[in-house]
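Okay, structure first, notes after.
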Amino acid sequence: MEARFLPQNIDAETSVLGSILIDPDAMEHIVGILRAEDFYRDVHQTIYIAMEQLFAQQTPADFVTLCDALEQQNQLDEIGGESYILSLVNHVPTSGNLLHYAHIVARTSVLRRLIHAGSQIVAEAYEDQEEDVTTTLERAEQQIFEVSQRYTQGTQSASHVRELLVGYLDRLTQASYQQGMTGVPTGFKDLDCLTNGLHSSDLIIVAARPAVGKTSFALSLAYHASVHHRRNVGIFSLEMSKEQLMQRLLAIDAGIDQQHLRAGLIEDDEWERIATSMSTLSEAGIWIDDTANLSPLQLRSKARRWIADHHIDLIIIDYLQLMEAGGSDGRKGENRTQLVSLISRSLKTLARELNVPILALAQLSRAVEARASKVPQLSDLRESGSIEADADMVLLLYRDELYNPETTRPNTADVLIAKHRHGPVGEVVLTFDKRQTRFRDFSHVYEPGKNTSNII
């Protein structure tokens, strides 16, 4: 068998180091592209680390300063002495091709990482034959994901405002055409007036105590977005089965008591409505995955496939605290609050990566029950890790009839916009239909400015 060597380009490595030594501004251009471990030769890693340290001290890396820095760390002889540093200086006549050299070094580094990850995956596949294959797959995907993340971080670049203005003009034109709706419509007029829809790359948290109607709210929103506005919606249900969600969607569209659907107590005149609704929902762009104990890594993998295959416009997760942070990556010792923080941060990162809004349901703490007023507050999320900090928008659901049997507001629900990074906070009132487990617009006219407060 022919011997194969790991991907490398020593000439590109020496050209990068030489360019830095002859150009005081070179380090600024590549410090975000290359890390020391991207260099194949150990001596080049040592030299680049010294250059990074000089850069951090705002000292240009030239022949004199670099030799002095390496000498102070007793590394000058280790890398080949002053003669080797001098050879780097003489290797390139100009730093004009610095970025080209740097990208070659970065590319070969990624290829080596892929080979290393592939070797580990093969080894683990042989060793873990008695282990659950899902765990092995998760570890394999984690390793590939880490390589991908490293490559993405190194290739991202700044954008001139001219380029950003072109994209903004397109969105502005679309918003004007759609009468201010710049995001995925929720289907609730008052809520859409305050939010202009759910926006790409945003993490939206919908939080409430149990039995308030988080799932019903999310399904009503998904139904409106898909059936009435032709948007594609992907739902990850960690609590209910896909058949249960399908039944709820059928109840929403057909206007039939959900309990009757569950028990099969269908009136003669309702069969036609069911048939019509089944036809409508069959054409709706709604996909449901009911995998339990889903990890952020698994969710990312599935979501990426959905985006590629179905052009998903909105992702819904029911609900956040049921996700697993992943036990195979050394996080078993962390408490639940830390794990929830890890999950919420990963969801925000995923929303930005996929450039779609992610709406995640969340359970509020029991602190609500201990207060005289049961109306939820933003602080009720603070015991759930960094959810509040990671979210771009937080919607808190409240139904007075759950706590006050004598309420004057039966069959209503308050949606409190407790945080809105890009717009006003405020309150929206909806009607809640318990029979069909759906939310509807409340019968009052929205007045701009009446239910809003300042932007936060």
Note on segment 341-352: residues surrounded by fewer than 19 Cβ atoms within 10 Å (Cβ to Cβ) and either in contact with a helix residue (DSSP H, G or I) (Cβ under 6 Å, 6 or more places away or on another chain) or free of Cβ contacts under 8 Å to residues at least 40 places away in the same chain (or both) are Arg345, Thr349
May I ask you to list the residues in segment 255-291 that are of a type in the set (Gly, Ala, Ser), farther than 22 Å from Asp318 by Cβ and either touching a Ser or Thr at 6+ places or on another chain (Cβ under 7 Å) or assigned to a loop (DSSP other than H, G, I, E, B) (or both)?
Gly255, Gly264
Verdict on Val92 being free of Cβ contacts under 8 Å to residues at least 12 places away in the same chain and of a type in the set (Val, Ile, Thr)
no
Out of Ala102, Ala123, sole residue that is assigned to a helix (DSSP H, G or I), loosely packed, with under 13 Cβ neighbours inside 10 Å and modelled with pLDDT of 70 or more
Ala123
Residue by residue through segment 239-264, note down the ones that are under 16 Å from Trp287 (Cβ atoms) and among the basic types (Lys, Arg).
Lys242, Arg248
Here the residues within segment 69-101 that are over 45 Å from the mean Cα position of the chain (by Cα) and not aliphatic (A, V, I, L, M) are Glu71, Asp77, Gly80, Gly81, Glu82, Ser83, Tyr84, Ser87, Asn90
Among (1) closer than 22 Å to Ser220 by Cα; (2) not in a loop (DSSP other than H, G, I, E, B) - the single one Arg304 does not satisfy:
(1)
Residue in segment 288-313 that is farthest from Ala351 (Cα to Cα), counting only those that are among the acidic types (Asp, Glu) and touching a residue at least 24 places away in the same chain (Cβ under 8 Å)
Asp290
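Here's the yes/no breakdown for (1) of a type in the set (Gly, Ala, Ser); (2) under 30 Å from Leu364 (Cα atoms); (3) at pLDDT 75 or above; (4) not in a strand (DSSP E or B):
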site	(1), (2), (3), (4)
Gln153	no, no, no, yes
Leu169	no, no, no, yes
Thr173	no, no, no, yes
Ser176	yes, no, no, yes
Met181	no, yes, no, yes
Can you name the number of the only condition in (1) aliphatic (A, V, I, L, M); (2) part of a helix (DSSP H, G or I); (3) closer than 30 Å to Glu141 by Cα that Leu294 fails?
(2)
Filter segment 226-267 for residues that are of a type in the set (Val, Ile, Thr) and at pLDDT below 90; the one that is farthest from His311 (Cα to Cα) is Ile266
Can you confirm whether segment 326-336 contains a residue that is closer than 28 Å to Glu353 by Cβ, assigned by TED's automatic domain parsing to the domain that holds Val184 and surrounded by 16 or more Cβ atoms within 10 Å (Cβ to Cβ)?
yes
When Ser200 is run through (1) among the small types (Gly, Ala, Ser); (2) more than 16 Å from Ala413 (Cβ to Cβ); (3) buried (at least 21 other Cβ atoms within 10 Å of the Cβ), the failure sits at (3)
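The values are calculated or read from the model by the stated rules, or taken from the named source; none is laboratory data. Keep in mind the model is a prediction, meaning the values are calculated, not measured. Backbone-built Cβ (ideal geometry, glycine too); neighbour counts: all protein chains shown.
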